[in-house]
Every structure is written in structure tokens, then in C-alpha cells.
1. All but one of (1) at pLDDT 95 or above; (2) closer than 19 Å to ILE195 by Cβ; (3) part of a loop (DSSP other than H, G, I, E, B) hold for ALA238; which doesn't?
2. Take PHE116 and decide whether it is in a loop (DSSP other than H, G, I, E, B), aromatic (Phe, Trp, Tyr) and more than 22 Å from the chain's Cα centre (by Cα).
3. With (1) farther than 30 Å from PHE42 by Cβ; (2) free of Cβ contacts under 8 Å to residues at least 12 places away in the same chain as the list, and GLN186 as the residue in question, which single condition is left unmet?
4. What are the residue pairs meeting all of these: first residue in region 55-69, first residue over 12 Å from THR290 (Cβ atoms), second residue of a type in the set (Asp, Glu) and assigned to a loop (DSSP other than H, G, I, E, B), Cβ atoms under 7 Å, and 6 or more apart or on different chains?
5. On the basis of being of a type in the set (Gly, Ala, Ser), open to solvent by 20 Å² or more (accessible area, probe 1.4 Å), more than 14 Å from ARG149 (Cα to Cα) and touching a residue at least 12 places away in the same chain (Cβ under 8 Å), does ALA133 make the cut?
6. Any chance region 35-55 includes a residue that's part of a helix (DSSP H, G or I) and modelled with pLDDT of 95 or more?
7. Of (1) over 18 Å from VAL198 (Cβ atoms); (2) open to solvent by less than 60 Å² (accessible area, probe 1.4 Å); (3) aliphatic (A, V, I, L, M), ILE127 satisfies all except one. Which?
8. Which residue out of LEU139, LEU145, LEU159, LEU154 is open to solvent by less than 70 Å² (accessible area, probe 1.4 Å) and modelled with pLDDT under 95?
Amino acid sequence: MTVTYGNSEHSPRVFVIHENETWVEPLQKQFQALGIPASEWFLHEGSLDLNEQPPEGVFYNRMSASSHTRGHRYAPEFTSSVLAWLKRHDRIVVNGPRALQLELSKVEQYQALARFGIETPKTIAVIGKDDIAAGARKLGFPVILKHNRAGKGLGVKLLHSEAALRDHLAGDEFEQSVDGLTLVQQYIEAPSPFITRVEFVGGEFLYAVRVDTSGGFELCPAEACSVENLDDYCPTVATTDMFEIIRDFDHELIPNWESFLQANDIGIAGIEFIVDQSGRSYTYDVNTNTNYNPEAEQKDGRQGMKAIARYLGDLLEQQSKIASAA
């Protein structure tokens, strides 16, 4: 399904690639307010004619690792094909093939982050189920289980003992990742129940938001989104003070995160980290399909979707000037 707003659908425009209409609505409003022509490509079904040329414009990939939870199991694979097609024809793509690759695998995220001196929690990747207990014993309890291809806190479980792990694996609650990889991860105990999410637009720091994880949350404090309580924890809909944008935020890892984003073709992302009892920072998630909390932004004044719309609009304008001069 394609949704078009602003001028003719055949004119150069911003194309938003996604599979979740709800998450795109705030961006639609900003495009309309700023007068930026845009269309949505809803890639849960359809076809791609490789013999045709893509339309002219700027393409923003917002495909999500959790698409399968909304019945869109193969949307990321289809998106990968579309991005390859766009790149072949030298279209401007924000969050291109490499960004999608990292969105779909925490293992690949962690390896890419390590190249830039960014520490992640100790993690063992397990295919299937049989070796999960051995991985947990190697790390030592408590441990976190989570899905490799995740989003929304999929598969996240804090386990304090081998007996608890054994019961979890034998019960109905355990569910394997859609890619078959379960991550057994070091539990990071924070001195206070919160994590920090750092937002980047155009590869540059925008703002940081403190996320309170104290509300009866029996999961890793570094996971602010649970499947069962998604309406309470999703930044797009939460209406509590759980999300608070930090004034004058600074961190020694900002240059490292920006270099990581640039090297991996990621223009827009939210990066989450947690600080342990000794003040050591662990980066545990890179979300290239980032969302923002409207209540927190209203209090602060900065708006993530407006920044994205302006960034994409500027790219579109630059492209138009180059085309006119050619």
C-alpha cells in the first residue's frame, strides 16, 4: 500500500519505508506542517519489478525488527530487496542496507559497536535451546535472556538462578527468537532504576532521554519495552513521567556513537545504554526505527520527528538543486 501526501505523487519526494502506520503518523504531521512532499511505502506485501527505475526522491527506511509480531514476517526481507534496488540506482537512502542488517541482529550490533570502543554487556549467542543453560552457567547468575532479532523487549527475562532458568525453559513462557538465536547476557545492575536513550538525527546527537524502569518491572532495567506492557512502556503512547528529556546532556561516548553511525550507514537512530554501580556504561541496543515520547517532548520543546522531517526535507532540496544544475 502506498500513501501519498503533498503535491503530485510523481514529483520528487521523501519516501518512508515501513510496516507500522501508527509509528509514522507523527512524521506525517511534520511533513505536512513543513510542506514537504512525501509518500509511504508499506512493505508487508507486494512486488518489486527489478527492470524498472525507482522514482526520484529521498528514501527513509523505518523497517522494524519486530514486524513479525504484527503479522509482517517477511517485511524486513522484502525491504532488503528494495534497498538493494535503490542503491543500485544510486538513490539517496537514509538507514540503508547496513542499517537494516544491524536492526535485525543484536549480535551484529555488538560486533559493530566494539569496533568503536563501545562496550556492550557480555553476551553468548545460542542457536536453539539446548545450550542456553551452559551459556548461563558460563556467565554466572543472574542473567538476561533476550531475542537476537527483537524490538519491544521480545524474549527478555531476568533469571536469578539455574533452577529458575530450568523452569523457564521447560515452561510455556519461553519463546525462541524468530531467527532462532537466543542471547544469554550479563545482567547489569544499575544504582538507580533507569536507562538512557540517546537520539541521533542526520548522524548527529539530538537529545538524550532518561527512561524510568522502576514500575514493577521484573526484567532487565536496560529494557524499557515489554510485550505484555507495551502500551505502558512504548515511547509513542506512554503518558506518565517515565520519559524525561535530559537538559544539557553530555557523555564521553557521543563521538564514538556518531562515528559508529556514520560507518554503518545509519542516519537516524536511538541508542540505549545503562550505567552500572561503578559508573561504567554499557550500550545494549541500537534502534534504527526510533520513536519519541510526545509528553516528554512537549515539556522540553525539542521534537524528534520535526528534526527528522527537516533533515529529510533538506536532503530532498539538495537533490533537487543538483538535478536542476545538471
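1. Evaluating ALA238 over (1) at pLDDT 95 or above; (2) closer than 19 Å to ILE195 by Cβ; (3) part of a loop (DSSP other than H, G, I, E, B) leaves (1) as the failure.
2. Here the answer is no, as PHE116 does not meet what is asked.
3. Status for GLN186: all satisfied but (2).
4. Sorted first by the residue in region 55-69, then by its partner, the pairs are MET63/GLU19; SER67/GLU19.
5. yes
6. No: zero hits.
7. Against the list (1) over 18 Å from VAL198 (Cβ atoms); (2) open to solvent by less than 60 Å² (accessible area, probe 1.4 Å); (3) aliphatic (A, V, I, L, M), ILE127 comes up short only on (2).
8. Exactly one of LEU139, LEU145, LEU159, LEU154 is open to solvent by less than 70 Å² (accessible area, probe 1.4 Å) and modelled with pLDDT under 95, namely LEU154.
The values are calculated or read from the model by the stated rules, or taken from the named source; none is laboratory data. Predicted model only: the values in this text are computed from it and were never measured. Counting neighbours? That spans all protein chains shown, and the Cβs are built from the backbone with ideal geometry, glycine included. All accessible areas refer to the heavy atoms of the entire protein, side chains included, with ligands and DNA or RNA removed. Shrake-Rupley method; radii C 1.70, N 1.55, O 1.52, S 1.80 Å.
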